[in-house]
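These notes are about the structure you will find just below.
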Amino acid sequence: MSAVADTIAAISTPIGEGGIGIVRLSGDRSFQVAKKIFKPRSKRDIDKFENRKLYLGNIVDPETHEVIDEVLIVFFKAPHTYTREDMVEINCHGGLMAQKKILDLTLRDEVRIADPGEFTKRAFLNGRIDLSQAEAVIDVIRAKTERALVMANRQLAGGLSDRVQDIRKNLLSIIVHIEANIDFPEEDIPEADLSHIKQEIEDTRVVLDRLIQNSGAGKIMRDGISTLILGNTNVGKSSLLNALLKEERAIVTDIPGTTRDVIEEYVDIKGIPIKIIDTAGIRRTKDKVESIGIRRAMDYLDEAQMILFTVDASRNMTDDDLYLIDKVKDKFTIVVLNKVDLPLKFEQKTIEELLPGKKIVKVSALKEEGIDELKQAIYDAVEQEIGFLDEHAIIAGERQRQVMQKAKESLDLAIESMANQMPVEVVELDIRQAWEKLGEITGDTVSDNIITAIFENFCIGK
Ligand SMILES: Nc1nc2c(ncn2[C@@H]2O[C@H](COP(=O)(O)OP(=O)(O)OP(=O)(O)O)[C@@H](O)[C@H]2O)c(=O)[nH]1
Ligand SMILES: [Mg+2]
């Protein structure tokens with residue numbers, strides 16, 4: 001029996017034109033509603049739809065008897081379905097009108113349109129997956145590199161849930177341990193027991209801490225590293241973007257001040273999504289539009305996680321270069337010496353002295369030389385920064401990281417209380433708090449508000 005009463009429907013494929021579009025239903029009434037609008041091609045199929053079999057036929061408006069589309073339909077009998085409810089999938093032609101009209105026809109007899117993520121939410125509410133697995137579904141959909149996909153799938157398979165459940169089990173056994181001692185209030189707890197309990201708490205904290213550490217990498221795998229190409233006008237920033245992407249994405253001309261808007265594109269560098277941002281070149285200018293672009297570029301300077309500071313090595317350094325050197329010197333910066341196919345106007349040494357300790361890569365964006373070296377330098381820099389990245393690491397999302405952080409703080413308190421020889425009841429309270437908090441990851445102890453907030457981020461039809 002489903003935990004939710006009503007039946008929902010939605011278009012599950014992206015809006016737009018495509019080969020096929022899928023309208024999905026889930027809930028007790030879905031078979032009945034679908035049968036009302038579906039006319040099978042073969043007479044012998046009428047009324048004996050078998051579980052998980054494809055049937056060819058038409059969707060027909062029951063009032064006007066008009067044929068809406070030729071479709072393939074599948075009936076999935078509960079409980080072995082995505083939501084654990086009865087489900088129907090109608091595979092129609094991938095045009096907007098066909099899908100919309102079919103959806104409209106399903107929205108009758110108390111069937112309503114699904115909220116974003118509601119199919120997955122039902123999978124959670126009906127106990128097929130836990131909350132961290134449901135959250136992984138969105139990571140699978142949004143994965144930007146193959147490696148990000150592998151990681152998301154690991155979480156979908158329950159990787160994080162298993163780890164968190166193990167930690168909760170440990171915490172519970174510590175609680176049991178403490179309680180066993182409290183039962184004899186007239187006696188002091190033996191020193192050996194106390195130190196054993198303390199050890200157990202510390203061990204658990206280490207495991208938790210490792211999961212928290214890995215989640216930094218998780219954020220990067222999910223959202224990418226925002227990487228700003230910064231430099232004077234005409235140094236070849238847009239050419240560099242194009243070379244990294246291997247396509248003519250940004251307009252390149254020999255006129256300084258070509259780029260005015262901000263262009264963002266993802267590049268997959270050995271599995272890490274790098275979000276490259278190309279901006280207007282920085283210089284003093286009276287041009288109004290260009291100045292807006294320059295202001296934007298400078299705003300990005302604060303937000304970006306990495307800077308590719310690009311310099312034209314074929315001309316002398318300008319005041320504008322020096323101005324930017326001052327801006328990037330305290331940032332996470334790689335220096336790109338561009339146009340090295342031309343005679344060089346200054347030595348690498350000059351830059352080394354101005355920006356000590358920064359990695360310098362020589363490239364020709366025009367001839368696409370040195371681009372692999374630049375990619376390697378970006379990868380190395382990221383790896384150094386976040387201590388990359390065990391292939392088998394389980395990585396948590398931001399919400400999950402915050403939950404684990406809170407739980408860890410409770411364990412810190414417990415350890416501190418023990419050090420201060422506080423009564424074990426106080427220690428137990430902190431452990432309980434950590435245990436309860438961690439339940440928010442799997443969804444065992446989570447509030448409705450949090451659940452709502454999580455599924456609001458999903459797309460319609462998932
Ligand atoms: N010889 C040579 N020319 C280059 C190289 N990279 C870029 N250029 C040329 O330099 C000029 C400016 O290139 P862009 O990529 O538009 O430079 P930009 O930094 O984006 O310029 P703005 O958007 O105006 O700030 C173009 O004529 C490019 O063909 C290079 O590696 N070697
Ligand atoms: Mg440009």
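Every residue in segment 259-298 that is more than 27 Å from the chain's Cα centre (by Cα) and farther than 16 Å from Asn234 by Cα, please.
Taking segment 259-298 as the starting set, the residues that turn out to be more than 27 Å from the chain's Cα centre (by Cα) are 259-260, 280-295.
Selection gives Lys286, Lys288, Val289, Ile292, Arg295.
Of all the residues in segment 344-368, those that are within 10 Å of ligand 1 (Cβ to nearest atom) and more than 20 Å from Ala381 (Cα to Cα) number 5. The criterion of at least 2 residues that are farther than 30 Å from Val336 by Cα is met, among helices (runs of 4 or more DSSP H) falling completely within segment 361-462, by 398-419, 424-442, 448-456. When restricted to residues that are polar (S, T, N, Q) and surrounded by fewer than 24 Cβ atoms within 10 Å (Cβ to Cβ), segment 202-214 contains 2. Filtering segment 302-323 to residues that are in contact (Cβ under 8 Å) with a residue 40 or more places away in the chain and farther than 24 Å from Gln376 by Cβ leaves Glu303, Thr318, Asp320, Asp321, Tyr323.
Regarding segment 98-118, can at least one residue be identified that is under 29 Å from Val164 (Cα atoms) and part of a helix (DSSP H, G or I)? Among the residues of segment 98-118, at least one is under 29 Å from Val164 (Cα atoms) and part of a helix (DSSP H, G or I), which makes the answer yes. Taking the conditions (1) surrounded by fewer than 21 Cβ atoms within 10 Å (Cβ to Cβ); (2) more than 13 Å from ligand 2 (Cβ to nearest atom); (3) of a type in the set (A, V, I, L, M) in turn, Ile251 satisfies each one other than (2).
Can Asp166 be described as modelled with pLDDT under 90, out of contact with any Asp or Glu (no Cβ under 6 Å at 6 or more places or on another chain) and more than 16 Å from ligand 2 (Cβ to nearest atom)? Answer is no for this residue. Any residue in segment 234-246 that is away from ligand 2 (no atom under 13 Å from the Cβ), open to solvent by less than 10 Å² (accessible area, probe 1.4 Å) and either closer than 17 Å to Val335 by Cβ or not assigned by TED's automatic domain parsing to the domain that holds Val363 (or both)? Looking through segment 234-246, at least one residue is away from ligand 2 (no atom under 13 Å from the Cβ), open to solvent by less than 10 Å² (accessible area, probe 1.4 Å) and either closer than 17 Å to Val335 by Cβ or not assigned by TED's automatic domain parsing to the domain that holds Val363 (or both).
Among residues of segment 103-125 that are without any contact (Cβ under 8 Å) to a residue 40 or more places away in the chain and closer than 13 Å to Gly27 by Cα, none has a Cβ under 8 angstrom from a residue that is part of a loop (DSSP other than H, G, I, E, B) and of a type in the set (Lys, Arg) at a sequence gap of 6+ or on a separate chain. If the condition is being part of a loop (DSSP other than H, G, I, E, B), exposed (fewer than 12 other Cβ atoms within 10 Å of the Cβ) and out of contact with any Phe, Trp or Tyr (no Cβ under 8 Å at 6 or more places or on another chain), then segment 43-61 contributes Asp47, Lys48.
Contact annotation: residue pairs with Cβ atoms under 7 Å, 6 or more positions apart or on different chains, pairing a residue in segment 287-301 that is assigned by TED's automatic domain parsing to the domain that holds Arg260 and within 11 Å of Leu228 (Cα to Cα) with a partner that is crowded, with 17+ Cβ neighbours inside 10 Å and small (Gly, Ala, Ser), are Ala297/Ala280.
Residues are listed down the side, and each one gets a yes or a no for (1) within 16 Å of ligand 2 (Cβ to nearest atom); (2) surrounded by 17 or more Cβ atoms within 10 Å (Cβ to Cβ):
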| site | (1), (2) |
| --- | --- |
| Thr259 | yes, yes |
| Val267 | no, yes |
| Gly271 | no, yes |
| Thr279 | yes, yes |
| Thr285 | yes, no |
| Ala304 | no, yes |
| Asp312 | yes, yes |
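Residues are listed down the side, and each one gets a yes or a no for (1) open to solvent by 20 Å² or more (accessible area, probe 1.4 Å); (2) at pLDDT 90 or above:
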site	(1), (2)
Met97	yes, yes
Leu107	yes, yes
Val111	no, yes
Thr120	no, yes
Ala148	no, no
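All conditions in (1) more than 8 Å from ligand 2 (Cβ to nearest atom); (2) touching a helix residue (DSSP H, G or I) at 6+ places or on another chain (Cβ under 8 Å); (3) outside any strand (DSSP E or B) hold for Leu228, with the sole exception of (3).
The values are calculated or read from the model by the stated rules, or taken from the named source; none is laboratory data. These numbers come from a predicted model, not from an experiment. So basically every Cβ, Gly included, is an ideal-geometry build from the backbone, and we count neighbours across all protein chains shown. In case anyone asks, the SASA skips ligands and DNA or RNA and just uses the protein heavy atoms, side chains included. Shrake-Rupley method; radii C 1.70, N 1.55, O 1.52, S 1.80 Å.
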